[in-house]
1. With everything on Cα atoms, drop me the angle between helix 3-13 and the longest principal axis of the chain, reported from 0 to 90° to the nearest 10.
2. For a Förster distance of 35 Å, can you work out the FRET efficiency between the beta-carbons of PHE152 and LYS124, rounded to the nearest 0.05?
3. What is the calculated FRET efficiency for LYS142 to GLU21, with r their C-beta to C-beta distance and R₀ = 22 Å, to the nearest 0.05?
4. Helix 124-158 versus the longest principal axis of the chain: what angle, 0 to 90°, nearest 10, using Cα atoms?
5. In nm, to one decimal, how far is the ALA60 label point from the THR106 one, both placed 7 Å along Cα→Cβ?
6. If you place +1 on the Cβ of every Lys and Arg, -1 on the Cβ of every Asp and Glu, and leave all else neutral, what size is the dipole of the chain about its Cα centre, to the nearest 20 Debye?
7. Just going by the charge dipole of the chain, with Lys and Arg at +1 and Asp and Glu at -1 on Cβ, which of PRO149, CYS95, TYR132 is farthest out on the positive end?
8. Can you give me the distance in nm between label points at ASN11 and LYS40, each placed 7 Å from the Cα along the Cα-to-Cβ direction?
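The values are calculated or read from the model by the stated rules, or taken from the named source; none is laboratory data. Computed from a predicted structure; not experimentally measured. Don't worry about glycine lacking a Cβ; one is built from the backbone with ideal geometry, like all the others, and counts go over all protein chains shown. Keep in mind that these areas ignore ligands, DNA and RNA; they rest on the heavy atoms of the full protein, side chains included. Shrake-Rupley method; radii C 1.70, N 1.55, O 1.52, S 1.80 Å.
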Amino acid sequence: MNPYDWILLLNLLIKDEQKYEPIVSHLKRMLVSYIQEVGKKDIEITSAFRQKPVVFPKVALEDFDQMKLGKIRNKGWCMALQIKERTYVDFHKVCFYLADKHLYTTYCLQYILEFIDKCKANLKGDNKCFYYLILWYIQVHKALLSIVPKLFEVQRHTQP
């Protein structure tokens, strides 16, 4: 099971919370621990906790300047794209590693999906793998962000 499954299961069981109380209680504790761990790395969850992430993106590849925008490189699972980090700054080229998806906002990940669609040079299998892993993470990410206020509100009331 992945974290998204845990959240779906919790939402199903919480409808009859008294009947499934030990399971619901365990799932809540498990999700709180998971969110606290993810909250150290994920850019949007850390901002929900008003903290800063403790990890940094990987360094770009040696031949980064020659990488075609949007072309997926399956060795290291990365691609080059143009991105604007602040509204008043020009676009610049960055190397996006799939393993660093947690360092990007949902909006930015959706932009990356558009970039993948535009590049016709990608192999179908690489494109599918990259695309679906990002889509999956967006769903998990949204589910985690939606459950953060519920779980951490419960924790505040139950702890002395």
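1. 30
2. Calculated value: 0.25.
3. According to the calculation, E is roughly 0.20.
4. Relative to the chain, helix 124-158 is tipped by roughly 30 degrees.
5. Using points 7 Å along Cα→Cβ, the separation is 2.9 nm.
6. So the magnitude is around 140 debye.
7. CYS95
8. A separation of 2.8 nm, rounded to one decimal place.
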